[in-house]
Amino acid sequence: MSFHQTIYLDKEFISDLYEESTGQSPCVNITKAESANAGIKALFLRAAVSSTESKSYKISTSKMLKELQEELNEYEKLGYKIEEKIGYSSKYFWVSGSMSVETTTVSSRKENVKIDSSGVSTENVGEPQIKGIESYFCIEDINGNVFPLISSSEYFTSSLLDLINLAGTVIQAVNFNVEALIRILPARTSFNGWVAIPLIIRESSS
């Protein structure tokens, strides 16, 4: 995998996989630090804490990637539409498709809660109040699966994360052809798709 193709790379995942595969820790120094996000908005489907540890490695992530090609290729390629049900454990798959920036409207509404001998019931009161519009990265694969991504800012290459802020204003649309190793969680969004954590995202030619 060429570094020119890399969009997103979870260095923690790569270093942990390297240690499990080789039996040798690539870390030479670990510094724990509090991540105070006071005054900073935690965006939708974005990890609220950027990092709680700072690690130094004795070998580069690129070298670890090259040595882990066999292990990475052992992860299954997703070749079917995931069933509309929940309750299984999270799974790791390679997926192929397109990555875009999507938006959703965040709203709230008041509810009356009634408790009686028959149990607890709720009743919506008034119209929903729009709180804002949130943007997030999303992958739709060739099988029709939709994966809203929970991403961490430090794992994006260059300034690609800025596309979220520019999409819909300066930039009309964002669409990358990608291959990605993702961890699919047993959780569906209320609007569309299975929530997933990206581990490796790279541009593909098709």
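Would you tally the residues in region 83-100 being within 26 Å of Ser205 (Cβ to Cβ) and either of a type in the set (Gly, Ala, Ser) or out of contact with any Leu (no Cβ under 6 Å at 6 or more places or on another chain) (or both)?
So the count comes out to 6.
Given the criterion modelled with pLDDT of 70 or more, assigned to a loop (DSSP other than H, G, I, E, B) and either surrounded by fewer than 10 Cβ atoms within 10 Å (Cβ to Cβ) or out of contact with any Ser or Thr (no Cβ under 9 Å at 6 or more places or on another chain) (or both), identify the matching residue among Lys66, Lys81, Lys41.
Checking each option against the conditions leaves just Lys81.
Quick grid of which residues meet (1) in a strand (DSSP E or B); (2) modelled with pLDDT under 70; (3) exposed (fewer than 13 other Cβ atoms within 10 Å of the Cβ); (4) not charged (D, E, K, R):
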{"site": "Val113", "(1), (2), (3), (4)": "yes, no, yes, yes"}
{"site": "Lys131", "(1), (2), (3), (4)": "yes, yes, yes, no"}
{"site": "Cys138", "(1), (2), (3), (4)": "yes, no, no, yes"}
{"site": "Gly144", "(1), (2), (3), (4)": "no, no, yes, yes"}
{"site": "Arg183", "(1), (2), (3), (4)": "yes, no, no, no"}
{"site": "Val195", "(1), (2), (3), (4)": "yes, no, no, yes"}
{"site": "Leu199", "(1), (2), (3), (4)": "yes, no, no, yes"}
{"site": "Ser206", "(1), (2), (3), (4)": "no, yes, yes, yes"}
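Could you tell me whether Tyr88 is in contact with a strand residue (DSSP E or B) (Cβ under 7 Å, 6 or more places away or on another chain) and modelled with pLDDT under 90? Judged against the criteria, Tyr88 is a match.
Among residues of region 183-206 that are free of Cβ contacts under 8 Å to residues at least 40 places away in the same chain and within 22 Å of Ser153 (Cα to Cα), none has a Cβ under 6 angstrom from a residue that is among the acidic types (Asp, Glu) and surrounded by fewer than 16 Cβ atoms within 10 Å (Cβ to Cβ) at a sequence gap of 6+ or on a separate chain.
The values are calculated or read from the model by the stated rules, or taken from the named source; none is laboratory data. Keep in mind that what you see is a predicted model, and the values were worked out from it rather than measured. As a convention, Cβ positions derive from the backbone with ideal geometry for all residues, glycine included, and neighbour counts pool all protein chains shown.
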